[in-house]
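The values are calculated or read from the model by the stated rules, or taken from the named source; none is laboratory data. What you see is a predicted model; the values in this text were computed from it and never measured. Cβ placement follows ideal geometry from the backbone for every residue including glycine, while neighbour counts extend to all protein chains displayed. Side chains are part of the model used for accessible areas, which takes the heavy atoms of the whole protein and leaves out ligands, DNA and RNA. Shrake-Rupley method; radii C 1.70, N 1.55, O 1.52, S 1.80 Å.
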Amino acid sequence: MPVPEELFATLRRHPDVEAPNLYAVDGADRLILDEAAAALAGAGAGEVVVVGDHYGALTLGAVAGFGASDVRVHQDPLTGELALAANAERAGLAGAYRQCPLGEELLAGARVVLAQLPRSLAALTEIAEVVARYADPSVVVYAGGRDKYLTHAFNDVLATCFADVHATRGRQKSRVLVAAKPTPVPSSFPRHERLAELDLEVVAHGAAFAGATLDIGTRYLLDFLPATDPAACTAVDLGCGTGILAVTLARLRPDVRVVATDQSAAAVASAAATAAANGVADRVTVLRDDVMSTLASDSVDLIVCNPPFHVGAAVHTGAAESMFRAAGRVLRPGGELWTVYNSHLAYRSILRAVIGETEQMGRNPKFTVTRTVARG
């Protein structure tokens, strides 16, 4: 069985974006494992839980370095799940862990929780509430992240669910928050918000992008939905988040069947709940998928998309480019992609190259909306 550093050298991010400045292991992974070393060494089978593992460093490090067994894991992004599975297979550790949804199945009886801190305080709140509610009363949480993203607000969130919260000494620009003595509180998720300007109810789990609010890029793209192809019968909200675009399109075009797809487990759960809350669940199908990999080629008339401009914590266009390439595969000849993006990003040339002719349909001081028609 390899020691963690030997193992770490073999880890890859694939199928997530890979680039020289993007890494499968970071200083927070190493520090979390070091701070939790004594607890991991004393943990029994099924007592270790990992939340938010990026690509497998925490899960496989706990198994290879400390002999943890029957490790339960929850990763919100599907790419993280797929990367962990591939990395575990290469290391011969595929049977050492199992994936679980964020809930009782994941946390029941847990005594040690390793976590990469999410960027969102809402996501951390939902995690903290679930751990405090379902884990063993003796549970200790080791949650780490990069110093530049941590504020005292993270301590405050954990303190709402744990009586003992303290930070470790930093190392390699990373720090770990240790939380113990759970004090369960009523669940505050999913959250509901009525958007009066759209006459729409948004339902959001903690890790869903923008939560129960209306992202300003999405808001701008909404203005253009009436101009999309009126003959479209099938549509996809790619990177759907809470499903605002999918639900609005379904209400605007009652004859259109809409797929709301995202790689985030929290997003697809939120989109399903948003569709149900607005009476269109019968025409909006939610799908957790990595850039429409399970949709057939040349099968969709219309795609709407507000792509991310970052990969994890790094500003990077790789995720958006991957979405555009997928749209080029899935759109039928003559099908349309309507997308909104930060105006400083040079996406029009990419869209032309991988899909087809692209025209600017709108522009304001921050965002550009384009319409791209798939070539035959």
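Simple spin-label estimate for D164 and A85 gives 3.9 nm between the two label positions (7 Å along the Cα-to-Cβ direction from each Cα). Whole-percent P(r), the range 234-376, all Cα pairs, 5 Å bins from 0: 2, 11, 20, 23, 22, 15, 7, 1.
Counting Lys and Arg as +1 and Asp and Glu as -1, what is the net charge of the other residues whose Cβ lies under 14 Å from the Cβ of P184?
On the way: positive: R133, K181; negative: E104, E126, E129, D136.
Taking every other residue near P184 into account, the sum is -2.
By how many degrees, 0 to 90 and rounded to 10, does the Cα axis of helix 57-66 deviate from the longest principal axis of the chain? It works out to around 20 degrees.
Counting only helical runs of four or more DSSP H residues, what would the 222 nm mean residue ellipticity of the chain come to if each run contributes -39,500 (n - 2.57) and the total is spread over all its residues?
On the way: 13 runs with 118 residues, N = 376.
Using -39500 (n - 2.57) per qualifying helix, the result is -9000 deg cm²/dmol.
The lysines within cross-link reach of K148, meaning a Cα-to-Cα straight distance under 19 Å and a gap of 8 or more places when in the same chain, are K173.
Each residue of the range 270-284 is assigned a 3J(HN,Hα), and the resulting list reads 5, 4, 4, 5, 5, 4, 5, 5, 10, x, 10, 4, 6, 10, 10 Hz, derived from the Karplus form 6.51 cos²θ - 1.76 cosθ + 1.60 (θ = phi - 60°), x at Gly and Pro. Averaging the Cα positions of each part gives two centres, and for the range 327-376 and the range 1-36 these lie 35 Å apart.
Once you treat every alpha carbon in the chain as an equal point and sum by Debye, what is log10 I(q)/I(0) at q = 0.09, 0.10, 0.13 Å⁻¹? At q = 0.09, 0.10, 0.13 Å⁻¹ the computed log10 ratios are -0.54, -0.66, -1.04.
With all protein chains kept in place, the per residue accessible area of the chain amounts to 41 square angstrom at a probe of 1.4 angstrom. Largest mean-square fluctuation among G44, G80, G56, in a Gaussian network model of the chain whose springs join Cα atoms under 10 Å apart, belongs to G44.
Calculate, in nm to one decimal, what R119 and H344 gain on full extension: separation in residues at 0.36 nm each, minus their alpha carbon distance.
Working: separation 225, 0.36 × 225 = 81.00 nm, distance 2.39 nm.
Extra length available between R119 and H344 comes to 78.6 nm.
3J(HN,Hα) couplings calculated from phi for the range 125-140 with the Karplus curve 6.51 cos²θ - 1.76 cosθ + 1.60 (θ = phi - 60°) are, in sequence order, 4, 5, 4, 4, 4, 5, 4, 4, 6, 10, 6, 4, x, 8, 4, 10 Hz; Gly and Pro show x.
At 0.36 nm per residue, and after removing the present C-alpha to C-alpha distance, how many nm does the segment from D147 to A180 gain when stretched out fully? Walk me through the numbers on the way to the answer.
Working: separation 33, 0.36 × 33 = 11.88 nm, distance 2.13 nm.
Answer, rounded to one decimal: 9.8 nm.
What does the charge add up to near L124, with Lys and Arg as +1, Asp and Glu as -1, over the other residues with Cβ less than 13 Å from its Cβ?
Working: positive: R119; negative: D76, E126, E129, D156.
The answer is -3.
Antiparallel beta bridges, as assigned by DSSP with both residues in the chain, represent about 50 percent of the total such bridges. Build a GNM of the chain with springs between Cα atoms under 10 Å apart, and of H152, H74, H54 the one that fluctuates most is H152.
In whole percent, how big is the carbon plus sulfur part of the accessible area of the range 255-376, probe 1.4 Å, protein atoms only? Don't jump to the answer; show the numbers that get you there.
Working: 2620 of 4920 Å².
Using a 1.4 Å probe with all protein chains present, the range 255-376 comes out at 53 percent carbon and sulfur.
Fully extended, how many nm does the chain gain between E6 and A37 (0.36 nm per residue separation, minus their Cα-Cα distance)?
Details: separation 31, 0.36 × 31 = 11.16 nm, distance 1.74 nm.
That pair, E6 and A37, stretches by 9.4 nm at full extension.
Projected onto their three principal axes, the Cα atoms of the range 99-151 cover extents of 33, 19, 19 Å, largest first. Charge tally for T370 (other residues, Cβ to Cβ under 12 Å; Lys, Arg +1; Asp, Glu -1): +1.
Computed from backbone phi with θ = phi - 60° and the Karplus coefficients 6.51, -1.76 and 1.60, the 3J(HN,Hα) list for the range 88-98 is 5, 4, 5, 8, x, 10, 4, x, 8, 8, 9 Hz; x is used for glycine and proline. For the range 121-186, the fraction of 1.4 Å probe accessible surface lying on carbon and sulfur atoms is 57 percent.
Could I get the Rg over Rh figure for the range 88-204? Both from C-alpha atoms, Rh via Kirkwood, rounded to two places.
Numbers: Rg = 16.4 Å, Rh = 15.8 Å.
Taking Rh as the inverse mean 1/r over Cα pairs, Rg/Rh reads 1.04.
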